[in-house]
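**Student:** There's a structure below that I have some questions on.
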Amino acid sequence: MRRVLVLGCPGAGKSTLARSLGEALSLPVVHLDKLWWKSGWINRTEGEFDALLDAVLLGEEWVIDGNYLRTLPRRLARCDAVVLLDYPRRVCLLRALRRILTWRGRTRPDMAADCPERLDGEFVRWIWEFHRTQRPQVLELLDGWTGELRVFRSPRACAGFLAKLEREGQAWRKF
């Protein structure tokens, strides 16, 4: 598999998994948050974002992390594989909190320059409501999609998959 999407609730670990998959598969990694945000937490217009995304999608190899439901059908049309981190909301909230504490006041590598990590009620609400609002839409778009789909319901299951992938040094193996 040479074009992989990583989807899931905010805080699940999409960006971290994307980086690990990129290393294991020797693929370039694209973070949609980095495409959407400009320096200083200023978002791009949809047109600007779409142009950047379309240029990425033309590539033959990539790992892309991020949900951005409006563009998911276009990304699904181009990808070979999807990894869905379908973790409970409490796991995502705890992981998001850990990320905020780790990066507070600093910019993560998967974000645009000068977008320091921060915590606000809107972000917490987005995580809390993801399973009710966004998850059903993601699952609906994946229903009937014919590529390679991996759904992980726990970080342990995903870590086992990644360890096997790295250990075997193979581009992608069914198990």
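The values are calculated or read from the model by the stated rules, or taken from the named source; none is laboratory data. If you're wondering where the values come from, they're calculated on a predicted model, not measured in any experiment. Positions of Cβ are generated from backbone atoms using ideal geometry, with glycine treated the same way; all protein chains shown enter the neighbour counts. To get the accessible areas, we keep the full protein, side chains included, count just its heavy atoms, and leave off ligands, DNA and RNA. Shrake-Rupley method; radii C 1.70, N 1.55, O 1.52, S 1.80 Å.
**Student:** Residue check, ASP50 against (1) modelled with pLDDT of 95 or more; (2) open to solvent by less than 60 Å² (accessible area, probe 1.4 Å); (3) closer than 24 Å to GLU117 by Cα, all met but one. Which one?
**Tutor:** (3)
**Student:** Now, a different point. Looking at (1) without any contact (Cβ under 8 Å) to a residue 24 or more places away in the chain; (2) open to solvent by less than 20 Å² (accessible area, probe 1.4 Å); (3) closer than 17 Å to LEU162 by Cα, which one does VAL63 not meet, given that it meets all the others?
**Tutor:** (1)
**Student:** Which pairs turn up if I take residues in the range 155-167 that are assigned to a helix (DSSP H, G or I) and open to solvent by less than 40 Å² (accessible area, probe 1.4 Å) and look for partners that are modelled with pLDDT of 90 or more and not small (Gly, Ala, Ser) with beta carbon separation below 6 Å, at least 6 apart in sequence or on another chain?
**Tutor:** As it stands, the answer is CYS158/PHE152, since those pairs meet every condition given.
**Student:** Follow-up. Could you look through the range 125-146, keep only residues that are polar (S, T, N, Q) and touching a residue at least 24 places away in the same chain (Cβ under 8 Å), and pick out the one that is least open to solvent (accessible area, probe 1.4 Å)?
**Tutor:** GLN134
**Student:** Restricting attention to the range 114-124, and to residues there that are part of a loop (DSSP other than H, G, I, E, B) and surrounded by 11 or more Cβ atoms within 10 Å (Cβ to Cβ), which single residue is modelled with the highest pLDDT?
**Tutor:** Selected residue: ASP114.
**Student:** Consider TRP103 carefully, then state whether it is more than 26 Å from ALA163 (Cα to Cα) and modelled with pLDDT under 95.
**Tutor:** In short, no.
**Student:** Name, by its number, the condition in (1) out of contact with any Asp or Glu (no Cβ under 7 Å at 6 or more places or on another chain); (2) open to solvent by less than 60 Å² (accessible area, probe 1.4 Å); (3) without any contact (Cβ under 8 Å) to a residue 24 or more places away in the chain that does not hold for THR45.
**Tutor:** Looking at each condition in turn, THR45 falls short on (2).
**Student:** Suppose we filter the range 95-113 for residues that are surrounded by 14 or more Cβ atoms within 10 Å (Cβ to Cβ) and either assigned to a helix (DSSP H, G or I) or of a type in the set (Ser, Thr, Tyr) (or both); how many remain?
**Tutor:** Residues meeting the conditions: 7.
**Student:** Could you list, in sequence order, the residues of the range 54-76 that are out of contact with any Ser or Thr (no Cβ under 6 Å at 6 or more places or on another chain) and either small (Gly, Ala, Ser) or outside any helix (DSSP H, G or I) (or both)?
**Tutor:** ALA55, LEU58, GLY59, GLU60, GLU61, TRP62, VAL63, ILE64, GLY66, ASN67, TYR68 - these are the residues of the range 54-76 that are out of contact with any Ser or Thr (no Cβ under 6 Å at 6 or more places or on another chain) and either small (Gly, Ala, Ser) or outside any helix (DSSP H, G or I) (or both).
**Student:** Separate question: Please give the number of the condition ILE127 fails out of (1) in contact with a Cys (Cβ under 9 Å, 6 or more places away or on another chain); (2) in a strand (DSSP E or B).
**Tutor:** (2)
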